[in-house]
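Q: I'd like to ask some things about the structure below.
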Amino acid sequence: MKIAFVASEAVPYSKTGGLADVVGALPKALAKLGHQVEVILPRYRMTKSARALPEFASLTIPFPASFKFAAVEAGTDPAAPQTLLVDCPEYFDRDGLYQAAGQDYPDNAERFAAFSLAAIEFLKRSEEPPAVIHCHDWQAALVPIYLRHTYARDPFFKKTATLFTIHNLAYQGVFPPALLPRLGLSMDLYTMEKLEFYGKVNPLKGGILFSDYISTVSRKYADEIQTIEFGCGLEGVLRARAGRLRGILNGVDYEAWNPATDNLIPAHYTPENTEGKKISKKALLEKMGALKPQLAKPVIGIVSRFATQKGFDLIEAVAPKLMAMDLYIAALGTGEPRYEELFRKLAVEFPQKFLVKVAYDNALAHLIEAGSDFFLMPSQYEPCGLNQIYSLKYGTVPIVRATGGLDDTIEPFDGQAGTGFKFHEYQPAALLACIEQALEAYRHPAAWRRLVQNGMSKDFSWDRSAREYVALYETLAGARKTASLAAAI
């Protein structure tokens, strides 16, 4: 089956979050199952060098006011399926993918409309259309909107189905309705039944309404986003399409995240021999500035975007009590200035307990996974989460809030079975009680070894999730083909 991915980021070319990990890994898993996969991405300033495709030196982007032009380049990752990079410097040759100085680019609607149109025009030059176009998050949500409207009578796509995956419903890309005509879209779309959203245009709403099917990145999150608490204003739209909504849990790339082979940590280790984890713990504490590291003390690791969504208001509330405990906290990340300042302040006040680096550092992220005893994710909501799954593989016990993918992937430890610790109420006291429960387990070596082994034995590889997607693709492609035949009779 021919499948085209359209997304705004993917490793190793560009990344701001988990979306990039998914789009970097899922196509590889699909290709291993024998499917023909293409991945279409923007070419940003941060994107590694690519190989020019002379036949796509000029691709027309049909904006009504004035055409834009882009080139298409081939990605250079030999381990990945064919990756095509849309090179349009006017829109993508910038320092950030979506923002500058913490503020969204004011022309984001035009940027990703141009990208969506370029992806469609590139696909039209293929010998055959894809069976499915798999679009990701609001930046690619305009693809199904254009296909259902601007390209509705184009016979090339009449048998092509669309799947739209929501990675985080909170990011919706809303923009003023006056922009619709500039993007080649009719003002007829500006109604409550279509793209209107509290006086703005919401492309993510359009992706939900105009795709053949919607998926999200965990079963629990698929249920949560249909509620007022987590629906971000779109809960009614999602409930109306509940029969076309499915949660498929993200997998992880064990080629990149596996302590038995990870070259970013000082010593490899396996479930059968975990000595390398002790070496990694010592290296982590030394690298983070601990004087005379005490390896008997538990280390709680944090690698995250510093944001309220991730539960950092809870961490702020319990920080004084955490610092009274006999432990280390190793934290890495960037994000909201408030929380960056919080971590810097804690590092100054408690320099031998709160070990902090405010930065993006992939190598250090691997070392924190390997060298920590616990991994803390007290998220307010978490569509899937990947770090808790990485942690299981690294023998690092997750402490999580029971929401979204965190609830789907972590089983509470009862002394024998289970893989981690989780709390339900979004309250500082609930978080603190959960941490205390986890620390109590750490004090009992036999139970602790069972807990670590339980986690390391889990398999969240992409193979399982990829097969679920294939079954969904086949259903969608079959339904689209049947509908096309019926229309032709």
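Q: Which of the numbered conditions does residue 34 fail, given that it passes all the others? Conditions: (1) over 15 Å from residue 8 (Cα atoms); (2) in contact (Cβ under 8 Å) with a residue 12 or more places away in the chain; (3) not charged (D, E, K, R).
A: With respect to (1) over 15 Å from residue 8 (Cα atoms); (2) in contact (Cβ under 8 Å) with a residue 12 or more places away in the chain; (3) not charged (D, E, K, R), residue 34 is out only on (2).
Q: Give region 94-117 a look and list any residue that's surrounded by 13 or more Cβ atoms within 10 Å (Cβ to Cβ) and under 17 Å from residue 47 (Cα atoms), or say none. I'd like the intermediate steps shown before the answer.
A: Residues of region 94-117 surrounded by 13 or more Cβ atoms within 10 Å (Cβ to Cβ): 94, 96-99, 104-105, 107-117.
Hits for region 94-117 are 94, 96, 97, 98, 99, 111, 112, 115.
Q: Output the qualifying pairs, or none if there are none: Cβ atoms under 9 angstrom, residues six or more apart or on different chains, first residue in region 324-338 and under 21 Å from residue 290 (Cα atoms) and touching a residue at least 60 places away in the same chain (Cβ under 8 Å), second residue assigned to a strand (DSSP E or B) and among the β-branched types (Val, Ile, Thr).
A: Correct list of pairs: 327/299; 327/300.
Q: Sticking with this one: Could you go through region 188-195 and let me know if any residue there is buried (at least 16 other Cβ atoms within 10 Å of the Cβ), within 18 Å of the chain's Cα centre (by Cα) and assigned by TED's automatic domain parsing to the domain that holds residue 477. Outline the logic, then answer.
A: Just the residues of region 188-195 that are buried (at least 16 other Cβ atoms within 10 Å of the Cβ), to begin with: 189-190, 194-195.
Imposing the further condition that a residue be within 18 Å of the chain's Cα centre (by Cα) reduces the set to none.
No, because not a single residue in region 188-195 is buried (at least 16 other Cβ atoms within 10 Å of the Cβ), within 18 Å of the chain's Cα centre (by Cα) and assigned by TED's automatic domain parsing to the domain that holds residue 477.
Q: Of these, 397, 356, which one is crowded, with 22+ Cβ neighbours inside 10 Å, in contact with a Gly (Cβ under 6 Å, 6 or more places away or on another chain) and more than 17 Å from residue 17 (Cβ to Cβ)? Show your work before the answer.
A: Working: 356 fails: in contact with a Gly (Cβ under 6 Å, 6 or more places away or on another chain).
The unique qualifying residue is 397.
Q: Kindly check whether there is at least one residue in region 55-67 that is part of a loop (DSSP other than H, G, I, E, B) and of a type in the set (S, T, N, Q).
A: yes
Q: Is it the case, given these coordinates, that residue 137 is on the phi > 0 side of the Ramachandran plot and touching a strand residue (DSSP E or B) at 6+ places or on another chain (Cβ under 8 Å)?
A: yes
Q: Starting from region 193-215, take each residue that is of a type in the set (Gly, Ala, Ser) and list its partners that are surrounded by fewer than 21 Cβ atoms within 10 Å (Cβ to Cβ), counting only C-beta distances under 6 angstrom and pairs at least six apart or across chains.
A: 215/246
Q: Can residue 463 be described as on the phi < 0 side of the Ramachandran plot, assigned to a loop (DSSP other than H, G, I, E, B) and surrounded by fewer than 16 Cβ atoms within 10 Å (Cβ to Cβ)?
A: So residue 463 does not fit the description; no.
Q: Can you pull out every residue in region 408-436 that is part of a helix (DSSP H, G or I), out of contact with any His (no Cβ under 9 Å at 6 or more places or on another chain) and over 15 Å from residue 456 (Cα atoms)?
A: 408, 428, 429, 431, 432, 433, 434, 435, 436
Q: Something else now. Residue 80 is checked against (1) in a loop (DSSP other than H, G, I, E, B); (2) closer than 21 Å to residue 477 by Cα and fails just one. What number does that condition carry?
A: Unmet for residue 80, out of (1) in a loop (DSSP other than H, G, I, E, B); (2) closer than 21 Å to residue 477 by Cα: (2).
Q: Run down 2, 15, 48 and say which single residue is basic (Lys, Arg) and over 30 Å from residue 304 (Cβ atoms). Give the steps one after another, and end with the answer.
A: Details: 15 fails: over 30 Å from residue 304 (Cβ atoms); 48 fails: over 30 Å from residue 304 (Cβ atoms).
After ruling out the rest, the residue left standing is 2.
Q: Moving to a separate point now. Quick check on region 389-396. Is at least one of its residues assigned to a strand (DSSP E or B) and under 27 Å from residue 226 (Cα atoms)?
A: Looking for residues that are assigned to a strand (DSSP E or B) and under 27 Å from residue 226 (Cα atoms), one finds none in region 389-396, hence no.
Q: Conditions: (1) surrounded by 22 or more Cβ atoms within 10 Å (Cβ to Cβ); (2) aliphatic (A, V, I, L, M); (3) closer than 25 Å to residue 25 by Cα. Residue 80 meets all but one. Number of the miss?
A: (1)
Q: Output the number of residues of region 350-388 satisfying the condition of being outside any loop (DSSP other than H, G, I, E, B) and within 19 Å of residue 438 (Cβ to Cβ). Please lay out each step first, then the result.
A: Applying the first criterion (outside any loop (DSSP other than H, G, I, E, B)) to region 350-388 yields 354-358, 362-371, 374-377, 387-388.
Next, from what is left, pick out any that are within 19 Å of residue 438 (Cβ to Cβ): 354-355, 368-371, 374-377, 387-388.
Counting residues in region 350-388 that are outside any loop (DSSP other than H, G, I, E, B) and within 19 Å of residue 438 (Cβ to Cβ) gives 12.
Q: Would you mention how many residues in region 11-53 are within 17 Å of residue 87 (Cα to Cα), within 14 Å of the chain's Cα centre (by Cα) and at pLDDT 95 or above?
A: Counting residues in region 11-53 that are within 17 Å of residue 87 (Cα to Cα), within 14 Å of the chain's Cα centre (by Cα) and at pLDDT 95 or above gives 0.
Q: Which of the numbered conditions does residue 120 fail, given that it passes all the others? Conditions: (1) in a loop (DSSP other than H, G, I, E, B); (2) crowded, with 19+ Cβ neighbours inside 10 Å.
A: Condition (1) is where residue 120 drops out.
The values are calculated or read from the model by the stated rules, or taken from the named source; none is laboratory data. Because the structure is a prediction, the values reported are computed rather than measured. Using ideal geometry, Cβ is built from the backbone for each residue, glycine included, and neighbour counts are taken over all protein chains shown.
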